[in-house]
2 protein chains.
Amino acid sequence: MNKAKLVKQIQKKKSFLCVGLDVDLEKIPVHLLSAEDPLFEFSKQIIDSTHHTAVAYKPNTAFFEAYGIKGWQALEKVNRYIKEYYPEIFTIADAKRGDIGNTSTRYAKAFFEDLNFDSVTVAPYMGRDSVEPFLAFEDKFTIMLALTSNPGGLDFQTFVDENGLNLYEKVLQTSLTWKNAERLMYVVGATRPEYFQKIRKIVPDHFLLVPGVGAQGGSLEEVCKYGLNKEIGLLVNSSRGIIYASNNKDFAKIAREKAEELQQQMAEILSVRDSQK
Amino acid sequence: MNKAKLVKQIQKKKSFLCVGLDVDLEKIPVHLLSAEDPLFEFSKQIIDSTHHTAVAYKPNTAFFEAYGIKGWQALEKVNRYIKEYYPEIFTIADAKRGDIGNTSTRYAKAFFEDLNFDSVTVAPYMGRDSVEPFLAFEDKFTIMLALTSNPGGLDFQTFVDENGLNLYEKVLQTSLTWKNAERLMYVVGATRPEYFQKIRKIVPDHFLLVPGVGAQGGSLEEVCKYGLNKEIGLLVNSSRGIIYASNNKDFAKIAREKAEELQQQMAEILSVRDSQK
């Protein structure tokens, strides 16, 4: 998928919502456990009930990998299902990979070609040659960790050099010099709204994938205040707040309501923004 | 596996060699491609011909994941084979994972419990709560990237703060404060021998997993000069230099010779060291 299609979808749906599919068999409704493939069945019902509100789905691969071979089969089915029934929706393999060159190429092929995801998340610690192999794929996006929403996110990411530059800023700046840098997006946690202004100065045009709204305490308004750019430029993710809002038979209906609530907040923010133009 | 068993094996074999299983169907001997499971068959023959020289095997999970479900099955078989026939050997899932807490727990369970590896490699960028879930497993080791051997390793890992502290040093220091830090090992590239002295000052007692000897240009002597500690404390990895030394029918025999060469160099280094005590 290219950026123009993603932006078009955002404008049409008045939404920049990404639904995170952290599918945990210990948390999904009990009645689904007897399904032939509970991981897929749960994901399918969530997708069917939220697709009108969401522009992206983000399966966290760890949750699928944890179930071994069955998990990988389910992950493949989930992406294929989205691509078949809702082909306009952007898919993100949240895998946080990163390795030396020839190994990163393997990972890139696995997620972009074999599994056919539109994007994959990567970790920056190993530098240029660990990320560029992902960037070599046309019409695919590589979403690099910059400033993460978890408590440990500040352990190293805000490490400061003698000029006051933070590691996450160094990561952003450096990545712009890499080949095919226009295929980068960045993970920036919603729990760090005070950093969005600085981040937008370094990467004004790139999309940011923003986890941490809802369950982790991030505020949508604060993220949008400095995070929005001229093409919207945000994918705001919610996982638990939508998919586990209910663990009863009504889970898909409640997930739909929660997703619609977030979408409506986004539509309102976009509407206010358009009226101020 | 615990540290005492690993050290005992090293002393018995006079070797601290780790053989990296980067199994690539485009590089293995053509005659193996008709085997029922070429990934496993190649690995098995390499293991059978090098087990007397190696104290650890390190399958790089990317190479298995790249072949989808069959790849995961092969990875599981490889570890099971080692555990059944050579139970004294330490196994490393080179997966370079790292995610927020509940997700890291998923990864830890997948590699330590489902696949039964002795250790797994992780990336430090997301900080404490991305690594501690791995450290919670008794008799398992978590091998964190510190200073990697690839060219991009210096993009961020040697980012320097106002006191002259490098990011990799900050990562090492900080990790020592984490719960169950004694279950950590660290990846330090053989291509960076000038850093080993500084690293040993911070982590004198931990094992270092050292890739980059051979194909990537690192020197065993230089690594040992400052890297060895009182319990040896090194696992020196060679992948391509052993497993792809020949891609003909004699590949296992040649791999054995290359592994024996490295083991003999290690035995010599240990012998000189013991004589100097």
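When segment A:102-129 is examined, which residues are found to be acidic (D, E) and over 17 Å from A:S175 (Cα atoms)?
First, the residues of segment A:102-129 that are acidic (D, E): A:113-114, A:118, A:129.
Within segment A:102-129, A:E113, A:D114, A:D118 meet the criteria.
Among the residues in segment A:114-125, are any in a helix (DSSP H, G or I) and at pLDDT 95 or above? Spell out how you get there, then give the answer.
If we filter segment A:114-125 for residues that are in a helix (DSSP H, G or I), which is where we start, we get A:114.
From what is left, the residues that are at pLDDT 95 or above are none.
Scanning segment A:114-125 turns up no residue that is in a helix (DSSP H, G or I) and at pLDDT 95 or above.
Name the single residue, out of those in segment A:42-64 being surrounded by fewer than 23 Cβ atoms within 10 Å (Cβ to Cβ) and among the polar types (S, T, N, Q), that is nearest to the other protein chains (Cβ to nearest Cβ). Break it down into steps so the answer makes sense when it comes.
First, pick out the residues of segment A:42-64 that are surrounded by fewer than 23 Cβ atoms within 10 Å (Cβ to Cβ): A:44-45, A:47-49, A:51-52.
Checking which are among the polar types (S, T, N, Q) leaves us with A:45, A:49.
Values: A:Q45: 21, A:S49: 24 Å.
In this case the residue turns out to be A:Q45.
If the requirement is being away from chain A (no Cβ under 13 Å) and within 26 Å of B:Q216 (Cβ to Cβ), which of these qualifies: B:M144, B:M185? Write out each step before concluding.
Values: B:M144 fails: away from chain A (no Cβ under 13 Å).
Every option except B:M185 fails the conditions.
If the requirement is being surrounded by fewer than 24 Cβ atoms within 10 Å (Cβ to Cβ), more than 14 Å from chain A (Cβ to nearest Cβ) and hydroxyl-bearing (S, T, Y), which of these qualifies: B:Y226, B:Y244? Reasoning before the result, please.
On the way: B:Y244 fails: more than 14 Å from chain A (Cβ to nearest Cβ).
Testing whether each residue is surrounded by fewer than 24 Cβ atoms within 10 Å (Cβ to Cβ), more than 14 Å from chain A (Cβ to nearest Cβ) and hydroxyl-bearing (S, T, Y) leaves just B:Y226.
Would you mind stating whether B:E138 is assigned to a helix (DSSP H, G or I), among the charged types (D, E, K, R) and free of Cβ contacts under 8 Å to residues at least 60 places away in the same chain? So that I can check it myself, show each step before the final result.
Details: assigned to a helix (DSSP H, G or I): no; among the charged types (D, E, K, R): yes; free of Cβ contacts under 8 Å to residues at least 60 places away in the same chain: yes.
Judged against the criteria, B:E138 is not a match.
In segment A:104-126, how many residues are free of Cβ contacts under 8 Å to residues at least 12 places away in the same chain and touching a Leu at 6+ places or on another chain (Cβ under 6 Å)?
The qualifying residues number 0.
Mind counting the residues in segment B:1-49 that are assigned to a loop (DSSP other than H, G, I, E, B), under 30 Å from B:N229 (Cα atoms) and among the basic types (K, R)? Reasoning before the result, please.
Taking segment B:1-49 first, the residues assigned to a loop (DSSP other than H, G, I, E, B) are B:1-2, B:14-16, B:22-29, B:35-37.
Keeping just the survivors that are under 30 Å from B:N229 (Cα atoms) gives B:1-2, B:14-16, B:22.
Okay, now just the ones that are also among the basic types (K, R), so B:14.
Within segment B:1-49, residues that are assigned to a loop (DSSP other than H, G, I, E, B), under 30 Å from B:N229 (Cα atoms) and among the basic types (K, R) number 1.
Of the conditions (1) in a loop (DSSP other than H, G, I, E, B); (2) touching a helix residue (DSSP H, G or I) at 6+ places or on another chain (Cβ under 8 Å); (3) closer than 23 Å to A:Y107 by Cα; (4) not hydroxyl-bearing (S, T, Y), B:H52 satisfies every one except a single condition; which number is it?
Among (1) in a loop (DSSP other than H, G, I, E, B); (2) touching a helix residue (DSSP H, G or I) at 6+ places or on another chain (Cβ under 8 Å); (3) closer than 23 Å to A:Y107 by Cα; (4) not hydroxyl-bearing (S, T, Y), the lone unmet condition for B:H52 is (3).
Just for segment B:207-226: of the residues that are touching a Pro at 6+ places or on another chain (Cβ under 8 Å) and of a type outside the set (D, E, K, R), which one is farthest from B:G152 (Cα to Cα)? Can you show your working first?
Filtering segment B:207-226 down to residues touching a Pro at 6+ places or on another chain (Cβ under 8 Å) leaves B:218-219, B:222-223, B:225-226.
This time we only want the ones that are of a type outside the set (D, E, K, R), so: B:218-219, B:223, B:226.
Values: B:G218: 16, B:S219: 19, B:V223: 20, B:Y226: 23 Å.
So, considering only residues that are touching a Pro at 6+ places or on another chain (Cβ under 8 Å) and of a type outside the set (D, E, K, R), the one farthest from B:G152 (Cα to Cα) is B:Y226.
Checking the conditions here, which among B:Y186, B:Y168 is closer than 23 Å to B:L6 by Cα and crowded, with 22+ Cβ neighbours inside 10 Å?
B:Y186
Assigned to a helix (DSSP H, G or I), at pLDDT 95 or above and among the basic types (K, R): is that true of B:R80 in this structure?
On the way: assigned to a helix (DSSP H, G or I): yes; at pLDDT 95 or above: yes; among the basic types (K, R): yes.
Criteria met by B:R80.
Determine whether A:F207 is among the aromatic types (F, W, Y) and either surrounded by fewer than 16 Cβ atoms within 10 Å (Cβ to Cβ) or more than 24 Å from B:N102 (Cα to Cα) (or both).
So A:F207 fits the description; yes.
Taking the residues in segment A:103-138 that are touching a Gly at 6+ places or on another chain (Cβ under 8 Å) and of a type in the set (S, T, N, Q) as candidates, determine which candidate is farthest from the other protein chains (Cβ to nearest Cβ).
Going through the qualifying residues, I end up with A:S104.
For segment A:65-93, which residues satisfy the criterion of being in contact with a Ser or Thr (Cβ under 7 Å, 6 or more places away or on another chain) and either within 12 Å of chain B (Cβ to nearest Cβ) or on the phi > 0 side of the Ramachandran plot (or both)?
Answer for segment A:65-93, where residues must be in contact with a Ser or Thr (Cβ under 7 Å, 6 or more places away or on another chain) and either within 12 Å of chain B (Cβ to nearest Cβ) or on the phi > 0 side of the Ramachandran plot (or both): A:L75, A:A93.
Condition check: surrounded by fewer than 23 Cβ atoms within 10 Å (Cβ to Cβ) and modelled with pLDDT of 95 or more. Does B:Q73 satisfy that?
On the way: surrounded by fewer than 23 Cβ atoms within 10 Å (Cβ to Cβ): yes; modelled with pLDDT of 95 or more: no.
Here the answer is no, as B:Q73 does not meet what is asked.
Test B:L176 against the stated conditions and say whether it is surrounded by fewer than 21 Cβ atoms within 10 Å (Cβ to Cβ) and in contact with a His (Cβ under 9 Å, 6 or more places away or on another chain). Write out each step before concluding.
On the way: surrounded by fewer than 21 Cβ atoms within 10 Å (Cβ to Cβ): yes; in contact with a His (Cβ under 9 Å, 6 or more places away or on another chain): yes.
Yes: the conditions hold for B:L176.
Out of A:T91, A:T148, A:T105, A:T177, I need the residue that is touching a Phe, Trp or Tyr at 6+ places or on another chain (Cβ under 6 Å) and of a type in the set (V, I, T). Which one? Give the steps one after another, and end with the answer.
On the way: A:T148 fails: touching a Phe, Trp or Tyr at 6+ places or on another chain (Cβ under 6 Å); A:T105 fails: touching a Phe, Trp or Tyr at 6+ places or on another chain (Cβ under 6 Å); A:T177 fails: touching a Phe, Trp or Tyr at 6+ places or on another chain (Cβ under 6 Å).
Just one listed residue meets the conditions, A:T91.
Only one of these conditions is not met by B:K96: (1) more than 22 Å from A:E113 (Cα to Cα); (2) within 14 Å of chain A (Cβ to nearest Cβ); (3) charged (D, E, K, R). Which number is it?
Here B:K96 meets the rest and fails (1).
Does B:L39 count as within 14 Å of another protein chain (Cβ to nearest Cβ), closer than 19 Å to B:G241 by Cβ and aliphatic (A, V, I, L, M)? Before you say what the answer is, go through the steps one by one.
Details: within 14 Å of another protein chain (Cβ to nearest Cβ): yes; closer than 19 Å to B:G241 by Cβ: no; aliphatic (A, V, I, L, M): yes.
For B:L39, the condition - within 14 Å of another protein chain (Cβ to nearest Cβ), closer than 19 Å to B:G241 by Cβ and aliphatic (A, V, I, L, M) - is not met.
Are any of the residues in segment A:156-168 of a type outside the set (F, W, Y), within 12 Å of chain B (Cβ to nearest Cβ) and under 17 Å from B:G152 (Cα atoms)? Lay out the reasoning, then the answer.
Taking segment A:156-168 as the starting set, the residues that turn out to be of a type outside the set (F, W, Y) are A:157-158, A:160-167.
Those left that are additionally within 12 Å of chain B (Cβ to nearest Cβ): A:157-158, A:160-167.
Remaining after also requiring under 17 Å from B:G152 (Cα atoms): A:167.
The answer is yes, given that some residue of segment A:156-168 is of a type outside the set (F, W, Y), within 12 Å of chain B (Cβ to nearest Cβ) and under 17 Å from B:G152 (Cα atoms).
Can you tell me which of A:E162, A:E132 is within 25 Å of A:N2 (Cβ to Cβ) and more than 15 Å from the chain's Cα centre (by Cα)?
A:E132
The values are calculated or read from the model by the stated rules, or taken from the named source; none is laboratory data. The shown structure was predicted, so the numbers you read here are calculated from the model rather than taken from an experiment. In this analysis, Cβ positions are derived from the backbone assuming ideal geometry, glycine residues included, and neighbour counts consider all displayed protein chains.
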